[in-house]
Amino acid sequence: MKQLLFLLTLIGFTSCNSKYTITETPTDCVIDSVQYHGVGSDNTLQVSPYWKLHLKEPDMWIRSNSKYEKGDTITVRVRTATKNPTR
């Protein structure tokens, strides 16, 4: 029974192929605007402040627990997925 379970587990791990390859590219982004959200500003259960940052180039909003100002540069890892050829 143990051998059968081991064999099925081994087959399961080797047959699970991902259809996509994910690559990460570090990108330097300039902060376009900053919004401060203090304790309790979003709801009564919010117990820690955060900063909402708008990035200029990829046009995205991110959330940070560290203080940033407009014009600062941060490094963001951009993930892209490419489909693997069929096997």
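The values are calculated or read from the model by the stated rules, or taken from the named source; none is laboratory data. All figures in this text were calculated on a predicted structure; none of them were measured in a lab. With ideal geometry, Cβ positions are generated from the backbone for all residues, glycine too; neighbour counts draw on all protein chains shown.
Here Trp61 clears all of (1) at pLDDT 90 or above; (2) more than 15 Å from the chain's Cα centre (by Cα) except the condition numbered (2). Taking residues in the range 40-58 that are farther than 27 Å from Thr75 by Cα, and partners anywhere that are surrounded by fewer than 10 Cβ atoms within 10 Å (Cβ to Cβ), the pairs with Cβ atoms closer than 9 Å and at least 6 places apart or on different chains are Gly40/Val47. Taken as a whole, the condition of being without any contact (Cβ under 8 Å) to a residue 40 or more places away in the chain and of a type in the set (Val, Ile, Thr) does not apply to Ile74.
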